[in-house]
Every structure is written in C-alpha cells, then in structure tokens.
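The values are calculated or read from the model by the stated rules, or taken from the named source; none is laboratory data. Just so you know, these numbers come straight off a predicted model, no measurement behind them. Here the Cβ is made from the backbone with ideal geometry for all residues, glycine too, and neighbour counts use every protein chain on show.
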Amino acid sequence: MSRPVFSGHETFRCKTHWLKRGYDFICNEGNFNSDDAVIHLGVGKNMVSSIKFWMKAFNFLNAENTVTDIADYLLNDIDGKDPYFENMGTLWLLHFMLINNNYSTIYKITFIDFHRLRNEIDKVKLQNFIKTICFNGLYSKLYNESTVKKDIDVLLHNYCNYGKENIEEQNTLLSPLNLIRVGSDKETWIFNYINQNNIPAEIFLYAIIKSKGDTMSVSFELLQELSLIFCLDNNELLEIIDRVCCLYPTEIIFSDNAGIKELQFRRIFEETDVLDSYYR
C-alpha cells in the first residue's frame, strides 16, 4: 500500500459545485494558499482546504497544483463534456476516478478490500480493518483513531442518500449514485446492489482500460474487482461485459474456455476515444 491519506478534507464531504469552482479558480491563476482564496471561492478557510483536497482526490489537480487533462476534458467552459455534472455517467466516472487515483486512501480500501469480505459496513469493523492494514505495513505511525473515524463518516456522507427532505444532503456530489444505504438498524450501512444497471458501458470500459495496463487480456478477477467498485453482482457484471463487447464486437471479445474467463482486446484503445464515444 502506498502512503495512506486519511485527512485533508477538513471533515467536509465533496459538494456538487466544488470541483467546478476549484477548477475555474485555478484556471484564473488562483492559489489555494493565498489569503484571498476565501474571497474568490466564496467559502471559509477550512472549505478552501477541502476543495483543494477533493480536487486532488478526484485527480483534477496534480502535485504541481495545475489542472489535469481529465479536468480540462470534463470542465472546460468551451468544450468540456460535462462542466456541471448533469450526466449520471459523469458521476460514475468520478466515482471510479476517486478510487483509482487512490489519493484519499479510504475509498479504495472500503470499496475493494473491505467490500470483498462483506457487503455490510460497520464503522468499528471498517476502522479496525484499516488499522490492521496500516499496522501490517509500514505506516503504523500514520494511523490515528480519531482521524480515521472522521474519514469514515465523510465517506458515508459522500455516498449515502439520507433523504430528499434534507437539502444539504442533496448538495453532495456522489450521493445520487446511491451506492451506500443506511441499514434497517440505523447503525450499519450497506453496499447498494439495487438498480445499478444504469452504468454506461463506455464508462465501465474506461475503467477496464485504466485498470488493465498494457495487457491485451483482462482476467475475470480484475473484472470482479471492478464489480466491487460499481456494486454489481455476477449477473450484472456479465451483462455489462456483454454491453461492452457489443460496442466493439470485433475488437473486444469475452472468452470462456475450459472455465477460464477473460476479456480479450484486439487493439489498443485510447481512453479519451472511449469517453468521446459516450459523450457524443
């Protein structure tokens, strides 16, 4: 595991308009560390830090504090594909980017490692799971009980739809995906596998391309890992794989020979070409 990050959001979940606001701020030569950032962004000092954190977490801001290509691709006012996140496919893309980028460590741990073991989220069990990972690695000194507890709360608030009656909850970027729901006992949370068949095949293909590296064949184990990220059961995984193959029937083939399942690519796909085909 790379060096874990469990803080930086100042306990604020990512609000719907923050990434666009942060992007425009940087493009207008703004500096998150400047004293007038609170004026230009129209938020308090802690929220300025939080916007910067989420920009990095979603891979919209790089280590040099300049916007990334994917940020320009989505948010540019002239030809950006979805500057105001009006398309549900963009939210699925952002969800994958948050986990794949792994700047905020808890999202990959929760949606892949912890999710692989259980479909129910108990805060204490998740925290102990994270603690074990840190202490079994090189980062025991970076683990802080209070910090990780707050990080878990922020994660749940980022995804859990607490109800339309709460206007503030509606202003959370990823909550429309409804990937996590409150359990009946109000003490646990559940990965939501209900009605996740609205994931665009192009977005899932983009996730495959980003995950597979240079290989031209993708193991079923990797596809199952992606199904954890998107909360797909096995039938839904096979269904979206079929939809991916239908996009490029001669160039992407799903093979199931002698019990060995894999997705085979007959050519190299450019990431932006796949996204272009979706937004077109």
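Counted as qualifying within segment 77-164 are the helices (runs of 4 or more DSSP H) with 2 or more residues that are more than 24 Å from residue 201 (Cβ to Cβ), namely 105-108, 123-136, 145-159.
For first residues located in segment 264-279 and crowded, with 16+ Cβ neighbours inside 10 Å, partners that are part of a loop (DSSP other than H, G, I, E, B) and not charged (D, E, K, R) and lie 6+ apart or on another chain with Cβ distances below 7 Å form the pairs 265/216; 278/200. Does residue 91 meet the test of being at pLDDT 95 or above, within 25 Å of residue 151 (Cβ to Cβ) and surrounded by 15 or more Cβ atoms within 10 Å (Cβ to Cβ)? Considered against the rule, which asks whether it is at pLDDT 95 or above, within 25 Å of residue 151 (Cβ to Cβ) and surrounded by 15 or more Cβ atoms within 10 Å (Cβ to Cβ), residue 91 comes out as yes. Could you look through segment 238-280, keep only residues that are outside any loop (DSSP other than H, G, I, E, B) and small (Gly, Ala, Ser), and pick out the one that is farthest from residue 69 (Cα to Cα)? The residue in question is 255.
Looking across segment 1-40 at every residue that is among the small types (Gly, Ala, Ser) and in the same structural domain as residue 68 (by TED's automatic domain parsing), the one that is surrounded by the fewest Cβ atoms within 10 Å (Cβ to Cβ) is identified as 34.
Taken over segment 201-231, the criterion of being aromatic (Phe, Trp, Tyr) and surrounded by fewer than 22 Cβ atoms within 10 Å (Cβ to Cβ) is satisfied by 220 alone.
Restricting attention to segment 118-141, which residues are among the aliphatic types (A, V, I, L, M), within 23 Å of the chain's Cα centre (by Cα) and surrounded by fewer than 16 Cβ atoms within 10 Å (Cβ to Cβ)?
Hit for segment 118-141 is 124, nothing else.
Among the residues of segment 197-217 satisfying the criterion of being part of a helix (DSSP H, G or I) and in contact with a strand residue (DSSP E or B) (Cβ under 9 Å, 6 or more places away or on another chain), which is farthest from residue 101 (Cα to Cα)? For segment 197-217, the residue satisfying everything is 205.
Per-residue answers, yes or no, for (1) of a type outside the set (A, V, I, L, M); (2) in contact with a His (Cβ under 9 Å, 6 or more places away or on another chain); (3) at pLDDT 95 or above:
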{"position": "211", "(1), (2), (3)": "yes, no, yes"}
{"position": "214", "(1), (2), (3)": "yes, no, no"}
{"position": "225", "(1), (2), (3)": "yes, no, yes"}
{"position": "231", "(1), (2), (3)": "yes, yes, yes"}
{"position": "241", "(1), (2), (3)": "no, no, yes"}
{"position": "250", "(1), (2), (3)": "yes, no, yes"}
{"position": "259", "(1), (2), (3)": "yes, no, no"}
{"position": "262", "(1), (2), (3)": "yes, no, yes"}
